[in-house]
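**Q** Input: one structure, supplied below.
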Amino acid sequence: MSQGSLCPCGKHCRATAALRDLIDTQNQLCLLAREESIIISILEHLHHVVSASQHRFTSWLSAVAACETAQANLAIAQSISRSRNTTPRWAVEAEQRLFHQWVKKEQHHWEQRLAQIQRGMATYRAYLQKCAQQFVLTPECLALCLPLLDELLRQLEERIEQHHLASISAHELFLQFEQRWNYERDRLDYEITQVPQAYQAGRNQAQARWGLYVVTGIGRPVSLTQANMNYQFMVHNRQLELYSQQCKLFLTTKVEQFRLYAQQLEGQYKAAVLAAQQERWQILHTQLSVEVADPDQLSSLQALVLSYFL
């Protein structure tokens, strides 16, 4: 317990010390209760990130499978051994394992924090009861309680402003990451759909050369089968490169977004809890400011003060 101030009678004021401990303890209890719900929201958001990433990994692996098939067909058409110049399946699976390790680490961290919060709430509730027993209000102590509340209300205003600014900053960064991802996703999706058209000119040229050979018999070109295989392989290979860029960008963006989302929620809940506490303590300050003419009213006033905390 913190040391009390001197009453006019010359003794240390246990009421102001108990009141300060009541305020600090209840503030911590409210923060923990709010953080408990916030962590549940963070874990739900993490689950959403995992679900979205699974979709991206599936698309990436599908692109790898299509490219491997095209590569095998090209090897058959050319009667040569298959070359390994595309993204291998194990590289995608390695990225997936790294991402899942990060998810597991984050989930363990927040679940561990949730358990700490639940233990802390039980401890703070017990300490709150202990502080309430030591709050004994006297006319001398009442005059000291008001300056104490004034001081704490001023401190609250500063802390609320700090948490509010931190939440706004994290939210702005979150939106910037979201806008960047949306832009890059749309750009890469468009490029992926445009890849066949980009390579169609080469295919048309090969077909024209084959038609010219059939008519004139001059300069036998690559067979149409092999030309089509080359075309399909180039298309799938380029699409695989774009899928790789898209998935890696998605993973990087979502990891940063998750951290910013957690920072944003932390700033929001701290500001919200402190604002609610500030409003209650302002009301308490107003009620304590009323002159107590009858000493018998001190017990009811004491009960009123404790009702704000218990």
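The values are calculated or read from the model by the stated rules, or taken from the named source; none is laboratory data. Note that the coordinates shown come from a computational prediction; the quantities given were computed from them, not determined experimentally. We place every Cβ from the backbone using ideal geometry, glycine too, and count neighbours over all the protein chains shown. When the accessible area is computed, the model is the full protein with side chains, heavy atoms only, and any ligands, DNA or RNA have been set aside. Shrake-Rupley method; radii C 1.70, N 1.55, O 1.52, S 1.80 Å.
**Q** Anything over 21 Å Cα to Cα? Flag those among LYS104/LYS248; LYS104/LYS270; LYS130/LYS270, in the order listed.
**A** Distance filter (> 21 Å) returns LYS104/LYS270; LYS130/LYS270.
**Q** Could you point to the residue in ALA52, ALA198, GLN245 farthest towards the positive end of the chain's charge dipole, with +1 and -1 charges on the Cβ of Lys/Arg and Asp/Glu respectively?
**A** Looking along the dipole axis, the top candidate is ALA198.
**Q** Return the calculated 222 nm mean residue ellipticity for the chain, to the nearest 500 deg cm²/dmol, obtained by summing -39500 (n - 2.57) across DSSP H runs with n ≥ 4 and dividing by the residue count.
**A** Theoretical 222 nm ellipticity from helices: -32000 deg cm²/dmol.
**Q** For a paramagnetic label modelled at 7 Å from the Cα of GLU161 toward its Cβ, which residues of segment 249-273 fall within the zone defined by backbone nitrogen distances under 17 Å?
**A** 271-272
**Q** In degrees, nearest 10, range 0 to 90: what is the angle between the Cα axis of helix 14-78 and the longest Cα principal axis of the chain?
**A** Rounded to the nearest ten degrees, it is 0.
**Q** Rounded to the nearest percent, how much of the accessible area of segment 93-176 (1.4 Å probe, protein heavy atoms only) is carbon and sulfur?
**A** 53
**Q** Counting other C-beta atoms within 10 Å, and keeping those with at most 10, which DSSP coil chymotrypsin sites (Phe, Trp or Tyr not before Pro) do you find in segment 236-284?
**A** Within segment 236-284, no chymotrypsin sites (Phe, Trp or Tyr not before Pro) qualify (loop, at most 10 other Cβ atoms within 10 Å).
**Q** Suppose R0 equals 30 Å. What FRET efficiency, 1/(1 + (r/R0)^6) with r the Cβ-Cβ distance, do ALA275 and LYS248 give to the nearest 0.05?
**A** Taking R0 as 30 Å, the efficiency between ALA275 and LYS248 is 0.15.
**Q** Modelling each spin label as a point 7 Å along the Cα-to-Cβ direction, I'd like the ALA33/LEU146 distance in nm, to one decimal.
**A** 3.0
**Q** Could you calculate the contour length gain from ARG185 to ILE168, that is, 0.36 nm times the residue separation minus the distance between their Cα atoms, to one decimal place in nm?
**A** Difference between extended and current length: 3.6 nm.
**Q** So which residue, out of SER53, SER244, SER37, gets the largest mean-square fluctuation from a GNM of the chain using Cα contacts under 10 Å as springs?
**A** Largest GNM mean-square fluctuation: SER37.
**Q** Could you let me know the centre-to-centre spacing of segment 107-153 and segment 16-47, using Cα atoms, in angstrom?
**A** 11
**Q** Using the crude model of +1 on Lys and Arg Cβ and -1 on Asp and Glu Cβ, and no other charge, please compute the dipole size for segment 55-142 relative to its Cα centre, in debye to 20.
**A** About 180 debye.
**Q** In Å², what does the accessible area per residue of the chain work out to with a 1.4 Å probe?
**A** 56
**Q** Under 17 Å between alpha carbons, and skipping anything fewer than 8 positions from LYS254 in its own chain: which aspartates and glutamates qualify?
**A** GLU44, GLU95, GLU106, GLU172, GLU178, GLU184, ASP186
**Q** Another question about this same structure. Quick check: the angle from helix 224-288's long axis to the longest principal axis of the chain, C-alpha only, nearest 10 degrees?
**A** The angle comes out near 10 degrees.
**Q** Once the piece of chain linking SER62 and ASN204 is laid out straight, how much longer is it, given 0.36 nm per residue of separation minus the C-alpha distance between them?
**A** 48.4 nm
**Q** Computed on alpha carbon atoms, what radius of gyration and Dmax characterise the chain, expressed in Å?
**A** Final numbers for Rg and Dmax: 34.0, 120 Å.
**Q** Using a 10 Å Cβ count of at most 14 others and DSSP loop calls, identify the longest part of the chain lacking such trypsin sites (Lys or Arg not before Pro).
**A** The segment 85-310 is the longest one with no such site.
**Q** At a Förster radius of 41 Å, what calculated FRET efficiency corresponds to the Cβ-Cβ distance of ARG125 and ALA94, to the nearest 0.05?
**A** After rounding to 0.05, the efficiency reads 0.30.
**Q** Something else: Taking a 1.4 Å probe, which of HIS109, HIS47 shows the most accessible area, and what order do the others take after it?
**A** I get HIS47, HIS109, largest accessible area first.
**Q** Treating the beta-carbon of each Lys and Arg as +1 and of each Asp and Glu as -1, no other charges, what is the dipole magnitude of segment 72-204 about its Cα centre, to the nearest 20 debye?
**A** 1000
**Q** Set Lys and Arg Cβ to +1 and Asp and Glu Cβ to -1, take the dipole of the chain about its Cα centre, and tell me which of ASN230, ASN27, TYR308 lies farthest positive.
**A** Of the candidates, ASN230 comes out farthest on the positive side.
**Q** Taking the Cα centre of the chain as origin, work out the dipole magnitude from +1 charges on Lys and Arg Cβ and -1 charges on Asp and Glu Cβ, in debye rounded to 20.
**A** 1880
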